[in-house]
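J.: Take this structure first; my questions come after.
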Amino acid sequence: MGVVFIFGFLAVKLGFVVTRIQPEFPDCEAMHEMQPGVWQRLRIEFEFESRNFVRHLHNLEDCDAIVCWIHNWPECPLQVVELKKVLSLEAEEMRPKILST
C-alpha cells in the first residue's frame, strides 16, 4: 500500500493522471504525458519489488508499466518507475532550498 500512496502523491509531478484504481490486476490505469500535449494510456501494476511481477505470475500482455519501490528485475520488458530513486532525486532537488532558507 505504501507504493500506491507514494505514487498517488507524486503522480501529477511525474506526468500521470490516474483514471482508475482497482484491487485486481492491473492495479491502475493512467494517462501519462510523454511530451507536452502527447498522452499515452498505461496499465500499471504496483509492486514493492519489480521482480514480484514475475512471482505473482502476471501476464506481460495485460500490463504496460510497473510502479515499484525497488527495481530488481534488470531484464524487465515493461516500463518501470522506481519510487525509491524518484524520492531520492526529490530530496536532492530540495536540499539546496532547505539549506538556503
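Each value in this text was obtained by applying a stated rule to the coordinates, not by laboratory testing. Keep in mind that this is a model prediction, so the values were computed, not measured. Here the Cβ positions follow ideal geometry from the backbone for every residue, glycine too, while neighbour counts run over all protein chains shown.
Let's see how each residue does on (1) acidic (Asp, Glu); (2) more than 25 Å from LEU89 (Cα to Cα):
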site	(1), (2)
VAL4	no, no
PHE7	no, no
PRO26	no, yes
ALA30	no, no
GLN35	no, no
GLN40	no, no
GLU49	yes, no
ARG55	no, yes
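J.: Hey, another quick one. When you scan the range 1-61 for strands (runs of 3 or more DSSP E) that lie fully inside it, which ones turn up with 3 or more residues that are among the basic types (Lys, Arg)?
T.: Output list is empty.
J.: What is the residue count in the range 64-80 for residues that are touching a Leu at 6+ places or on another chain (Cβ under 6 Å) and under 11 Å from LEU42 (Cα atoms)?
T.: Residues flagged as touching a Leu at 6+ places or on another chain (Cβ under 6 Å) and under 11 Å from LEU42 (Cα atoms) within the range 64-80 amount to 3.
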